[in-house]
Amino acid sequence: MNKIYNFGAGPAVLPEQVLKQASEAVMNYNGHGMSILEMSHRSIPIVEMITETSQLVSDALNVPDNYKILFLQGGASLQFAMIPMNILRGNEVADYTDTGGWSAKAIKEAKRYGNIDVVCSSKETVYNHIPKVFDQSDTQQYLHITSNNTIYGTQWHEFPNANGFLVADMSSDIFSRPVNVNKFGVIYAGAQKNMGPAGVTLVIIREDLIGRTERDLPSMLDFAIHADKDSMFNTPPVFAIYVVNRTLHWLKELGGVNAMHKKNKIKAKLLYDEIEQNPMFKSPIAEEDRSLMNVPFIFTDGGDEQHFLDYCAQRGLITLKGHRSVGGFRASIYNAMPKAGVEVLVEAMRNYSK
Ligand SMILES: Cc1ncc(COP(=O)(O)O)c(C=O)c1O
């Protein structure tokens with residue numbers, strides 16, 4: 001049987017060694033004679049594991065001391081609301097960039113909690129590029145970006161300068177490249193692409209922003225309470241955090257985000273080169289904004305998409321269907337996708353076109 005390569009956009013491929021360690025922990029966590037699924041989040045081994053995971057996040061991204069690292073629930077989707085709810089006071093202004101479906105969802109939620117200005121949008125061109133020139137509000141508290149647009153396959157390769165500070169949804173490119181955390185007030189990401197399974201959301205937040213709002217928030221939606229309790233206000237998703245822990249160990253062994261960024265560039269180049277050279281396929285995305293994580297491509301002259309998807313599936317290349325809102329194909333090549341997987345895909349594209 002062919003080896004299976006999962007090009008799904010999320011939940012997505014995880015490193016094989018991480019899956020093995022996770023499955024071992026389900027039976028017997030680190031020799032404690034118990035499944036990790038049964039262990040109290042307040043037991044010493046689990047508290048130590050969560051503390052270590054936080055340290056691994058901090059090491060991987062060089063997070064400065066004046067930031068808090070939180071492991072929350074509710075996905076990146078809850079952060080769309082929780083961030084403006086916690087940061088904006090009354091009718092304060094935040095600027096949002098509209099670069100894809102997830103940005104649009106973030107905007108919709110934020111509008112409930114502040115005065116939201118959409119300062120740019122690439123919607124009219126089906127989100128095929130990242131707008132570079134746009135005005136920002138003088139009174140802006142923050143500028144929100146989606147660092148990588150999972151559905152459309154665009155990525156901010158250079159972050160804009162905000163009048164206030166940046167807030168970024170990094171769900172689909174966290175830990176794929178170095179970032180200067182100092183530029184950001186908040187970075188957030190659902191785990192299920194580059195970190196682990198769904199169920200845990202990473203939030204990296206500058207301490208002075210915690211407790212900034214004057215709203216009376218429900219405890220579960222209050223960063224101040226989660227920060228005060230070190231992400232243990234209620235039962236945290238211990239198993240999901242453990243998988244993040246193992247993934248970050250794996251990242252560290254491979255040389256961290258700098259080494260990973262190099263690997264990601266090599267993988268993406270292989271695939272984009274094939275898309276450019278193969279007369280059967282083309283990219284709908286502006287060249288300078290193409291994502292290193294999610295690579296959409298379409299038939300140059302139309303054709304039977306299902307036939308190509310079946311052809312790939314027979315070779316172990318699965319979950320290549322484009323997002324339902326755009327069609328075509330999309331190969332998600334996150335950190336854990338081996339170069340060999342991209343090579344098999346490129347070979348399949350080449351043979352198919354013959
Ligand atoms: C960029 C981006 N933001 C947000 C989300 C939503 O994340 P969640 O399902 O964790 O709420 C996704 C999910 O695919 C995403 O790709």
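The values are calculated or read from the model by the stated rules, or taken from the named source; none is laboratory data. Small disclaimer: the values here were computed from a predicted structure and weren't measured. Virtual Cβ from ideal backbone geometry, glycine too; neighbours counted across all protein chains shown.
When Gly31, Gly90 are screened for being modelled with pLDDT of 95 or more, over 15 Å from Ile241 (Cβ atoms) and more than 22 Å from the chain's Cα centre (by Cα), only Gly31 passes. Within region 51-71, the presence of at least one residue that is within 16 Å of the ligand (Cβ to nearest atom) and not in a helix (DSSP H, G or I) is confirmed.
The C-beta contact set for region 16-41 (first residue closer than 17 Å to Thr235 by Cβ, second residue β-branched (Val, Ile, Thr) and surrounded by fewer than 12 Cβ atoms within 10 Å (Cβ to Cβ), distance under 7 angstrom, 6+ apart or interchain) comprises His41/Thr235.
Answer yes if at least one residue in region 87-97 is part of a helix (DSSP H, G or I) and within 19 Å of Gly211 (Cα to Cα), and no otherwise.
Step one: list which residues in region 87-97 are part of a helix (DSSP H, G or I), which gives 87.
Now drop any that are not within 19 Å of Gly211 (Cα to Cα), which leaves 87.
Scanning region 87-97 turns up at least one residue that is part of a helix (DSSP H, G or I) and within 19 Å of Gly211 (Cα to Cα).
Could you list all residues from region 37-56 that are closer than 14 Å to Tyr242 by Cβ and out of contact with any helix residue (DSSP H, G or I) (no Cβ under 7 Å at 6 or more places or on another chain)? Hits for region 37-56 are Glu38, Ser43, Val47, Glu48, Thr51, Ser54.
Test Asn115 against the criterion of being away from the ligand (no atom under 16 Å from the Cβ), surrounded by fewer than 21 Cβ atoms within 10 Å (Cβ to Cβ), farther than 21 Å from Phe159 by Cβ and modelled with pLDDT of 95 or more, and give yes or no.
Numbers: away from the ligand (no atom under 16 Å from the Cβ): yes; surrounded by fewer than 21 Cβ atoms within 10 Å (Cβ to Cβ): yes; farther than 21 Å from Phe159 by Cβ: yes; modelled with pLDDT of 95 or more: yes.
In short, yes.
The lone criterion from (1) over 29 Å from Gly185 (Cα atoms); (2) among the acidic types (Asp, Glu); (3) not in a helix (DSSP H, G or I) left unmet by Glu24 is number (3).
Out of all the residues in region 239-267, which are out of contact with any helix residue (DSSP H, G or I) (no Cβ under 8 Å at 6 or more places or on another chain) and in a helix (DSSP H, G or I)?
Initial filter on region 239-267 (out of contact with any helix residue (DSSP H, G or I) (no Cβ under 8 Å at 6 or more places or on another chain)): 240, 253, 255, 258-259, 261-262, 264-265.
Selection gives Ala240, Glu253, Asn258, Ala259, His261, Lys262, Asn264, Lys265.
Please enumerate the residues belonging to region 139-152 that are within 11 Å of the ligand (Cβ to nearest atom) and in a loop (DSSP other than H, G, I, E, B). Ser147, Thr150, Ile151, Tyr152, listed by residue number. Could you check Met195 against (1) free of Cβ contacts under 8 Å to residues at least 60 places away in the same chain; (2) in a helix (DSSP H, G or I); (3) closer than 18 Å to Glu52 by Cβ and say which number it fails? Met195 satisfies all of (1) free of Cβ contacts under 8 Å to residues at least 60 places away in the same chain; (2) in a helix (DSSP H, G or I); (3) closer than 18 Å to Glu52 by Cβ except (2). Scanning region 169-205 for residues that are farther than 19 Å from Asp98 by Cα and of a type in the set (Ser, Thr, Tyr), which turns out farthest from the ligand (Cβ to nearest atom)? By that ranking, first place goes to Ser176.
Residues in region 8-34 that are among the polar types (S, T, N, Q) and farther than 26 Å from Gly75 by Cα: Asn28, Asn30.
Rundown of residues vs (1) surrounded by 15 or more Cβ atoms within 10 Å (Cβ to Cβ); (2) touching a residue at least 60 places away in the same chain (Cβ under 8 Å); (3) under 30 Å from Val181 (Cβ atoms), yes/no style:
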position	(1), (2), (3)
Met260	yes, yes, yes
Tyr272	yes, no, yes
Arg290	yes, yes, yes
Asn294	yes, yes, yes
Glu305	yes, no, no
Cys312	yes, no, no
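Annotation note: of Tyr113, Tyr152, Tyr142, Tyr188, the sole residue that is farther than 28 Å from Asn258 by Cβ and either in contact with a strand residue (DSSP E or B) (Cβ under 8 Å, 6 or more places away or on another chain) or not charged (D, E, K, R) (or both) is Tyr113.
Residues in region 187-202 that are surrounded by fewer than 24 Cβ atoms within 10 Å (Cβ to Cβ) and either farther than 18 Å from Gln21 by Cα or among the small types (Gly, Ala, Ser) (or both): Ala198, Gly199. The set of residues from region 285-309 being outside any strand (DSSP E or B), over 16 Å from Ser332 (Cβ atoms) and within 28 Å of the chain's Cα centre (by Cα) comprises Ala286, Glu287, Glu288, Asp289, Glu305, Gln306, Phe308.
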